[in-house]
Amino acid sequence: AEALRHVAIDLGASGGRVALGTIQDGRLAVEVLHRFPNGGVLVRGGLYWDVLGLWREILHGLRLAAGHGPIHSVGVDSWAVDYALLDEHDLLLDGVHHYRDRRTDGVMEAVTARVGREVIYGATGIQFLPFNTAYQLVAHERQAPGILRRARRLLMVPDLLHFWLSGRQAGEVTNASTTQLYDPRRGEWAAPLLEALGIPAGLLPTVVPPGTVLGEVTPEVAHETGLAGTRVIAPATHDTASAVAAVPASGEGWAYLSSGTWSLVGVETPRPVLSPTALRYNLTNEAGVNGTTRLLKNVMGLWTMQECRRAWGNPDFATLYGDAERVLEGGPLIDPDDPRFLPPGLDMPQRIQAYCAETGQAIPQTPAEITRCVLESLAHRCAEVLDELEEVTGGRVLTLHVVGGGAQIGFLNGLLADISGRTVIAGPVEATLLGNLLVQAEASGSIPGGGLREVVRASEVLTHFVPQPGGHALRREAFRRIRVGQTVSS
Ligand code: LRH
């Protein structure tokens, strides 16, 4: 029989892709059909996503896919935490706000002071981040009083697109878990927390697992794209969950770094870990495929570089990284997770310089020096998180699998290996797309017995980085002191 064709739509904060995948002889062949940029749109002080623009690109990608022959299924994954509100007629009540919108400034602090960090963490196991859906909704209600009562349904971004594709509303669990409103132990929305935050319980959709068949594409979509009888299958709709599903690991003793706009550093566990130490390190327990938990930490990631590059007039990333590699070791370091780096802005290079000045370090001047500072600091922070994960789980991390776009940055992979003292295995670069496609294939019964990761291992060429001995222990201590707010000289 002819292999089934699946289409993955993967939306990242800086760009989207539509790809076609088929499984043959235990391998996944992927062809990216369409790429398009994505990013925030600033309007009257609010930062939004252009969801209608994304929808247009999706329809275009689907049209290209339909040209390749019958498509068995399609599924969408995207960045987490952002949502749309629909009214009683299923119309959008508002634009889709970007999680970096400043409307959430101070909201998490106010909510945690009232409800308690332990209570919220105990109910959800989710890392405290100012832009979690929970705080965005409180901010939304502050900004537009009454909106949560007028709204009839909240759909996360991929759920909204699945609704537009299939006509069915559902909340796929991997993304639902990122809201900080979902109880991973009970497997349902955290009702007491919703109540405490004034979020009507009926707003939230029925939660479904990855691999759920939502229906067929609507007649309108079929007409617009040429698809016929194509099923809409929810993959792991959180992009990070799709990426983790495609980590080519086997056995024990490994962690992953999903490396893109964010650096998601974590391990896979059979169940959520809600211990006091997990809370102290502010680790998150996001839902994964097949009932697993993604115990991980959000590290600021390549975002800082993306904003610097924009400030420098969009030079080539490859050139920037190449130049950075030639800068002398031992330069300044930043705490990548300092909140000042979170909002967008063309002053990102100046923010980095100010950080270095405040901490009594040399001030990086050139793009190459700033790039080196950012990448090295990122590697230090990731290494620190690996140690925290070992402490929290009691397991060892011997290998770090780096997946996603950042896996292409050889310089960063080398730094990660050297600084963390672990072997780095880089690839696949398109992990999110692969994970999305594999969950659709699994739901369609075409994954061989070895499971998803075996298919990835059979399909991809991986690159190994073995840690080189060097003076990293001293530098790690310097990094630690900077992070706890001491200056290097103190
Ligand atoms: C990465 C990601 C991450 C979330 C962030 C909002 O794309 O989904 O896992 O925390 O975006």
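Taken about its Cα centre, the chain carries a charge dipole of roughly 480 debye when the Cβ of each Lys and Arg holds +1 and the Cβ of each Asp and Glu holds -1. For the range 108-175, the ratio of Cα radius of gyration to the globular rule of thumb 2.2 N^0.38 Å stands at 1.30. Ranking of 279, 296 by neighbouring Cβ atoms within 10 Å, starting from the fewest: 279, 296.
In the range 376-488, the ratio of gyration radius to Kirkwood radius, Rg to Rh, stands at 1.08 when only Cα atoms are counted. Near residue 6, once Lys and Arg are set to +1 and Asp and Glu to -1 for all other residues with Cβ below 11 Å from its Cβ, the sum equals +1. Under a 5 Å amide H cut-off, with hydrogens placed 1.01 Å from N, residue 182 pairs with 190 among residues at least 5 apart or on other chains.
A crude spin-label estimate for the pair residue 224 and residue 474, with each label 7 Å from Cα along the Cβ direction, gives 6.0 nm. Under conditions of 37 °C and 0.692 mPa s, the range 9-86 yields 233 µm² s⁻¹ as its translational diffusion coefficient, taking Rh as the Kirkwood radius over Cα pairs in the Stokes-Einstein equation. Once you reduce the range 269-293 and the range 86-108 to the center of their Cα atoms, the two points are 27 Å from each other. Local charge for residue 222 was computed over the other residues whose Cβ lies under 13 Å away, with Lys and Arg +1 and Asp and Glu -1, and equals -1.
The value of relative contact order for the chain, using C-alpha pairs under 8 Å at least six residues apart, is 16 percent.
In this structure, residue 326 and residue 63 have a Cβ-Cβ separation that, at R0 = 56 Å, corresponds to a calculated FRET efficiency of about 0.80. Each residue of the range 53-70 is assigned a 3J(HN,Hα), and the resulting list reads x, 5, 4, 4, 5, 5, 4, 4, x, 5, 4, 4, 4, 4, x, 8, x, x Hz, derived from the Karplus form 6.51 cos²θ - 1.76 cosθ + 1.60 (θ = phi - 60°), x at Gly and Pro. Annotation for the range 431-490 versus the range 202-216: alpha-carbon center distance of 29 Å. For q values of 0.21 Å⁻¹, compute log₁₀ I(q)/I(0) with the Debye formula on a Cα-only model of the range 291-384, without solvent. At q = 0.21 Å⁻¹ the computed log10 ratios are -1.04.
Restricting to DSSP H runs of at least four residues, report the calculated mean residue ellipticity at 222 nm for the chain, -39500 (n - 2.57) per run over all residues, nearest 500 deg cm²/dmol. Display every interim value, and only then the final one.
Numbers: 19 runs with 188 residues, N = 490.
Per the formula, -11000 deg cm²/dmol.
With R₀ set to 30 Å, the beta-carbon distance separating residue 55 from residue 152 gives a calculated FRET efficiency near 0.90.
For the range 4-74, relative contact order (Cα pairs under 8 Å, six or more residues apart, normalised by length) works out to 34 percent. The length gained by stretching the chain between residue 365 and residue 310 to full extension, at 0.36 nm per residue less their Cα-Cα distance, is 18.2 nm.
The residue 88 and residue 454 beta-carbon pair, evaluated with R₀ = 35 Å, returns a calculated FRET efficiency of approximately 0.15. Projected onto its three principal axes, the C-alpha set of the chain covers 66, 55, 46 Å, listed from the longest axis down.
In sequence order, the range 176-192 has phi-based couplings of 4, 5, 6, 5, 6, 10, 10, 9, x, 7, 7, x, 7, 4, 7, 3, x Hz under the Karplus curve 6.51 cos²θ - 1.76 cosθ + 1.60, θ = phi - 60°, and Gly or Pro positions carry x.
Using every alpha carbon pair in the range 1-149, what percent of pairs falls into each 5 Å bin from 0 up to the bin containing the largest distance? Result, from short to long distances: 2, 8, 15, 15, 14, 13, 11, 9, 7, 4, 1, 0 percent. Extent of the range 434-490 along its three principal axes (Cα atoms, max minus min coordinate, largest first): 60, 26, 14 Å.
Rounded to the nearest whole Hz, the Karplus-based 3J(HN,Hα) values (6.51 cos²θ - 1.76 cosθ + 1.60, θ = phi - 60°) of the range 284-292 follow the sequence 9, 10, 8, 6, x, 6, 6, x, 7, with x at glycine and proline.
If a spin label sat at a point 7 angstrom from the Cα of residue 318 along the line to its beta carbon, no backbone N atom of the range 1-26 would be nearer than 18 Å.
Throughout, read-outs are computed from the coordinates displayed, never taken from laboratory work. The structure presented is a predicted model; accordingly, all values stated were derived computationally and were not measured. Note that we place each Cβ from the backbone using ideal geometry, even for glycine, and neighbour counts take in every protein chain shown.
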